[in-house]
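K.L.:
Quick one: this structure, given as structure tokens, is what I'll be asking you about.
The values are calculated or read from the model by the stated rules, or taken from the named source; none is laboratory data. What you see is a predicted model, and the numbers here were worked out from it, not measured in a lab. Every residue, glycine among them, receives a Cβ derived from its backbone with ideal geometry; neighbour counts consider all protein chains shown. In case anyone asks, the SASA skips ligands and DNA or RNA and just uses the protein heavy atoms, side chains included. Shrake-Rupley method; radii C 1.70, N 1.55, O 1.52, S 1.80 Å.
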Amino acid sequence: MLVAVLLARFVRARWGYRFRSRERFDAWHGRRLARFLRRLRAVPYYASDVRPAGVDGSEASRTARVELSDLPIVDKGVLLEHFDGLNTRGVRLVDALGVALEAERTRDFAPLVAGDLTVGLSSGTSGRRGAFLVSPRERMLWAGTVLARVLDRRSVGQLLRPWAPPVRIAFFLRAGGNLYESVASSRIRFSFHDLTEPFDSHLAALDAGAAAGAGPHVLVAPASVLAALADRAREGRLRIRPRLVISVAEVLEPEVAERIRRAWGRAPRQVYQATEGLLALTCEHGSLHLNEESVRVEREWLDAERTRFTPIVTDFDRRTQIIARYRLDDVLRVDPAAPRCPCGRVTTVLAGVDGRADAVLRLPHASGLREVELFPDVVRQAMAVASEAYADWRIRQRGLDLHVSLAEPAPGAEVRVRELLERLLRSHGGRVDVVFDAWEPADPTVKARRIVREPASA
Ligand SMILES: [Zn+2]
């Protein structure tokens with residue numbers, strides 16, 4: 001039964017969902033949205049929104065049209081506070097968190113709540129951790145979409161030929177592989193590499209597999225882990241030859257993508273995914289398309305030119321834990337003048353995912369009267385100018401200072417970076433004090449973030 005769900009979605013996401021124009025897509029999307037809104041009647045939290053107060057059950061009130069904009073915008077705080085009313089299975093937050101935290105502690109991700117629900121935890125880099133319930137059906141829809149959208153033609157051909165060897169996929173993860181095991185079958189073989197275990201032992205296992213002719217066809221890992229693997233491959237210390245490289249869980253920066261391309265001769269594809277939903281995937285032409293087939297993305301614009309926004313997402317695929325008008329803590333970028341993607345999809349192409357809202361630096365304007373906002377793409381462009389002078393970099397805003405760390409800096413690198421950052425600030429009318437800190441190697445168990453504005457300490 002569940003496999004049928006996966007296959008049906010795989011077929012639709014790979015060969016279906018083709019629309020001649022954005023107008024046709026919007027009409028279809030509107031019907032999906034209407035169905036989603038009707039389902040909300042059964043969700044306790046929305047009872048009063050989709051069934052206005054004083055309803056008498058008359059025909060008129062039952063058919064009264066509810067618009068998405070009638071619903072409140074929610075965030076992690078609301079989701080945690082109203083957890084019981086925002087899921088359709090009556091699961092309590094304490095029970096969900098209990099299962100999830102125990103799973104993280106024991107690294108055994110098999111336990112479920114309410115019989116068959118998996119619990120995911122959103123990362124806790126800022127404040128409380130969110131809990132997310134996922135049903136087996138939702139996992140299958142997810143897996144069907146991801147496989148259909150990212151696998152290359154050769155891998156799909158191999159999947160469909162029963163006599164061909166199974167497609168080998170190596171997965172580097174910080175959380176459990178429960179979600180991914182759902183798609184393991186005789187046609188796909190996963191190897192999981194838990195990033196809380198020593199990185200070198202994973203490398204040795206991968207390299208030994210490759211030497212025995214059983215290296216992965218597909219490599220899936222967070223961008224920072226892919227970069228580390230690519231560097232070792234270029235140095236000849238890792239012999240895998242993946243034909244498809246997929247970046248997950250972190251922002252894939254252009255220069256990291258280039259490092260990966262140099263190692264294996266192909267550009268990585270990106271799955272931009274939060275615990276809250278599958279938000280965007282790279283198509284075969286390298287464009288990062290919003291997953292608007294399943295997710296409605298409203299835009300809260302951050303700039304007057306309407307190029308950067310915070311997404312507010314409504315996920316049609318989720319029926320257990322309702323994600324409706326959920327504001328993500330991310331900054332996305334679009335190019336309003338971009339032509340339609342040659343792949344034929346009419347869904348929005350992102351010019352970039354700039355990471356979380358606290359990756360936007362806020363520094364004083366020279367007048368002292370207001371703030372200057374520096375978006376991450378602008379900072380990255382500036383840092384790329386001197387990129388031959390260091391192996392890697394990190395920036396932390398603490399108070400009004402920028403703390404910069406450079407890995408393996410060449411002589412004079414700090415002077416150049418200070419100049420670059422000061423010039424960048426001046427061009428925005430601001431000023432900054434740059435402080436250099438020693439480089440600390442990244443902890444592979446923690447989501448890598450290059451630019452962070454730390455909260456003001458009390
Ligand atoms: Zn495309």
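K.L.:
Quick check: anything in the range 350-370 within 16 Å of the ligand (Cβ to nearest atom), aliphatic (A, V, I, L, M), in a strand (DSSP E or B) and at pLDDT 90 or above?
P.N.:
So far as the range 350-370 goes, yes, one or more of its residues are within 16 Å of the ligand (Cβ to nearest atom), aliphatic (A, V, I, L, M), in a strand (DSSP E or B) and at pLDDT 90 or above.
K.L.:
Considering only residues that are over 22 Å from Val146 (Cα atoms) and either free of Cβ contacts under 8 Å to residues at least 40 places away in the same chain or surrounded by fewer than 20 Cβ atoms within 10 Å (Cβ to Cβ) (or both), which ones fall in the range 230-244? It would help to see each step written out before you state the result.
P.N.:
In the first step, residues of the range 230-244 are kept if they are over 22 Å from Val146 (Cα atoms); the result is 230-240.
Across the range 230-244, the qualifying residues are Ala230, Asp231, Arg232, Ala233, Arg234, Glu235, Gly236, Arg237, Leu238, Arg239.
K.L.:
Could I ask something else about it? For the structure I just gave you, tell me whether Glu454 is charged (D, E, K, R) and free of Cβ contacts under 8 Å to residues at least 12 places away in the same chain. Show your work before the answer.
P.N.:
Values: charged (D, E, K, R): yes; free of Cβ contacts under 8 Å to residues at least 12 places away in the same chain: no.
Spelling it out, it is not the case that Glu454 is charged (D, E, K, R) and free of Cβ contacts under 8 Å to residues at least 12 places away in the same chain.
K.L.:
Which numbered condition trips up Thr275, out of (1) within 16 Å of the ligand (Cβ to nearest atom); (2) touching a Phe, Trp or Tyr at 6+ places or on another chain (Cβ under 6 Å)?
P.N.:
(1)
K.L.:
Taking the range 149-175 as the search range and keeping residues that are under 16 Å from the mean Cα position of the chain (by Cα) and more than 22 Å from Ala208 (Cα to Cα), which one is modelled with the lowest pLDDT? Step through it out loud before you land on a result.
P.N.:
Within the range 149-175, the subset under 16 Å from the mean Cα position of the chain (by Cα) is 149-150, 171-175.
Still in the running and more than 22 Å from Ala208 (Cα to Cα): 149-150, 174-175.
Working: Arg149: 91, Val150: 90, Arg174: 67, Ala175: 60.
My answer is Ala175.
K.L.:
Going by the structure shown, is Ala438 under 15 Å from Arg394 (Cα atoms), small (Gly, Ala, Ser) and touching a residue at least 40 places away in the same chain (Cβ under 8 Å)?
P.N.:
Numbers: under 15 Å from Arg394 (Cα atoms): yes; small (Gly, Ala, Ser): yes; touching a residue at least 40 places away in the same chain (Cβ under 8 Å): no.
No; evaluated as a whole, the condition is false for this residue.
K.L.:
Going by what's in this entry, would Ala324 be described as more than 16 Å from the ligand (Cβ to nearest atom) and more than 30 Å from Met140 (Cα to Cα)?
P.N.:
Values: more than 16 Å from the ligand (Cβ to nearest atom): yes; more than 30 Å from Met140 (Cα to Cα): no.
Spelling it out, it is not the case that Ala324 is more than 16 Å from the ligand (Cβ to nearest atom) and more than 30 Å from Met140 (Cα to Cα).
K.L.:
Across the range 412-458, what is the total count of residues that are within 15 Å of Leu400 (Cβ to Cβ), of a type in the set (D, E, K, R), open to solvent by 80 Å² or more (accessible area, probe 1.4 Å) and part of a loop (DSSP other than H, G, I, E, B)?
P.N.:
Number of matching residues: 1.
K.L.:
A follow-up question, please. Within the range 78-119, track down each residue that is assigned to a helix (DSSP H, G or I) and among the acidic types (Asp, Glu). Steps first, answer last, please.
P.N.:
So in the range 78-119, the residues assigned to a helix (DSSP H, G or I) come out as 78-81, 83-86, 93-106.
Those that are assigned to a helix (DSSP H, G or I) and among the acidic types (Asp, Glu): Glu81, Asp84, Asp95, Glu102, Glu104.
K.L.:
Here's something else I'd like to know. Considering only residues that are assigned to a helix (DSSP H, G or I) and either in contact (Cβ under 8 Å) with a residue 60 or more places away in the chain or within 16 Å of the ligand (Cβ to nearest atom) (or both), which ones fall in the range 371-388?
P.N.:
Applying the first criterion (assigned to a helix (DSSP H, G or I)) to the range 371-388 yields 376-385, 387-388.
Across the range 371-388, the qualifying residues are Pro376, Val379, Arg380, Ala384, Ser387.
K.L.:
Please go through the range 279-307 and give me each residue that is closer than 15 Å to Arg14 by Cβ and surrounded by 20 or more Cβ atoms within 10 Å (Cβ to Cβ), ordered by number.
P.N.:
Hits for the range 279-307 are Leu281, Thr282, His289, Asn291, Glu293, Ser294.
K.L.:
With the requirement that a residue be open to solvent by less than 20 Å² (accessible area, probe 1.4 Å) and within 16 Å of the ligand (Cβ to nearest atom), what does the range 327-344 give you?
P.N.:
Val334, Cys341, Cys343
K.L.:
Among the candidates Glu300, Glu284, which residue alone is more than 14 Å from the chain's Cα centre (by Cα) and within 16 Å of the ligand (Cβ to nearest atom)? Explain how you work it out, then say what you get.
P.N.:
Values: Glu300 fails: within 16 Å of the ligand (Cβ to nearest atom).
Residue meeting the stated conditions: Glu284.
K.L.:
Go through the range 83-102 residue by residue and tally those that are farther than 24 Å from Ile73 by Cβ, among the acidic types (Asp, Glu) and more than 25 Å from the chain's Cα centre (by Cα).
P.N.:
1
K.L.:
Residue pairs, Cβ under 9 Å, 6 or more apart or interchain, first in the range 274-286 and assigned to a strand (DSSP E or B), second within 15 Å of the ligand (Cβ to nearest atom) and open to solvent by 50 Å² or more (accessible area, probe 1.4 Å). List them.
P.N.:
Thr282/Ala267
K.L.:
Sticking with this one: Would you be able to say whether some residue in the range 258-269 is over 30 Å from Glu138 (Cα atoms), assigned to a helix (DSSP H, G or I) and open to solvent by less than 10 Å² (accessible area, probe 1.4 Å)?
P.N.:
Initially, the range 258-269 is screened for residues over 30 Å from Glu138 (Cα atoms), giving 258-266.
Filter once more, so that each one left must be assigned to a helix (DSSP H, G or I): 258-264.
Now drop any that are not open to solvent by less than 10 Å² (accessible area, probe 1.4 Å), which leaves 260, 264.
The answer is yes, given that some residue of the range 258-269 is over 30 Å from Glu138 (Cα atoms), assigned to a helix (DSSP H, G or I) and open to solvent by less than 10 Å² (accessible area, probe 1.4 Å).
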